[in-house]
Amino acid sequence: MKNVVDISCFSSGKWLEVRVFDGLRGWVRLAGQTVDSYRCGLETCANLGVVFKRQVFRYLAVAAIVVSAAFTSCQKDDRVEPILVLGGETVEFEINPPKAETITILSNINWSIAVEQADDWLKVTPMSGNGDATLTITAQVNDDFAERYATIIVTVAGTEPKTIAVMQEGDKTKDIILLKEMTYSGGLRYVFEYDEQHRITTHSTYYNEEPYQVLTFKFSEDLVTIYDNQWGYIYPAYSINGDTIRSNFQGGSEEIVVNAKGIPVKRTYRWRGTIAIGHGTTIYTYIWVNGNLTRADYEESGTGQSGEFERSGTEVYTYDNKRSPFVHCATPKWFLWWWFGDSGVNNILTSGDTTYEYTYNEYGFRATEIQDNTTITYTYMKRRSLTYGKI
């Protein structure tokens, strides 16, 4: 008769550590079951997908496990290694949510919750715990035109924090606040005009009240074009194909990937030509979270005065969770960031070593901005519309 062993590694439950020949490993929770020592070899490993789905990872797609001839036995392992698995990474709410949403936590130690948001519209319970649990996420009614975002951060000691991105639809029957002008203390002024769908159509630049440049933007389902009326120049167009936007220009190209809401999640910019110390190629990779650019990485390689070179760097951005001047604007968020340096959601607080200071108006929008010795004043206009368009 075969021996029966009880795999019991942690006080929070019974776990089996599975190691694959290439060094990968995973954990299977056997919750109160016993495992035949003979079947603990090849046959159990071949059926781990079933165990994963039935006992623990209800919400996860399980990777295939490669069975090696060398992988023929299982042993008890009493090491306590932190485990944190979430039952989902995104939550979406309607304007007036009919019910709360839930996300499961699978863990074997203490965990805690933090919520990054503006105006405290999102509630999460419990905010801490030990072992497995279910988070209940509740959103208040959104009485603003714009969508709003929050990030739930789940932390356990010894592992990287995991996040849940939360989005709530805006009420498109509410008043729309659109940026009208940006006035710099040094004499520079930008003026914006919009179409009926609240997309920017012209961006005019004045210096000491003299016209300097007028850009015209045209949007369609598969193309965005930019024309410089002042100088008669047509910028390279952006072609749209599903979730990918591309543009090619002299010396380089860029590709932007967006989510289902048209919000950028990644941008890759390649350029070849003259750089600071010679000729080479620069590749920028930008990462967005909840509509805000959070990280930019760059890599450069080429030939300079001292021969071949390679260098790289990273810039990290933080935000204030208040309203960007473009938050009600229907111009695609990726386009706003590329042309106006604004995420279209919140306001940048830090960009690398640079810190920004703001004041806000009665609507919660950016009213003034201080950059070094320059003050920028923002002026808005109000619209009321029952329609809202996006490309």
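Quick note: the coordinates plus some simple rules give every number you see, no bench work behind them. Quick caveat: nothing in here was measured; it's all calculated off a predicted structure. Cβ: placed from backbone, ideal geometry, glycine included. Neighbour counts: every protein chain shown.
At-a-glance table
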| quantity | calculated |
| --- | --- |
| Selection from PHE335, THR314, ILE376 lying farthest towards where the dipole of region 310-391 points positive, charges on Cβ | PHE335 |
| Ranking of SER306, SER185 by count of other Cβ atoms within 10 Å, fewest first | SER306, SER185 |
| Neighbour-count ranking [beta-carbon atoms within 10 angstrom, fewest first] of TRP121, TRP334, TRP231 | TRP231, TRP121, TRP334 |
| Taking TYR317, TYR286 and counting other C-beta atoms within 10 Å, the order from fewest to most | TYR317, TYR286 |
| Lysine pair count for region 175-384 [Cα-Cα under 16 Å; pairs on different chains or 8 or more apart] | 4 |
| Rel. contact order, % - alpha carbon contacts under 8 angstrom, at least six apart, region 84-168 | 37 percent |
| Rg followed by Dmax, in Å, when region 84-168 is reduced to its Cα trace | 12.9, 42 |
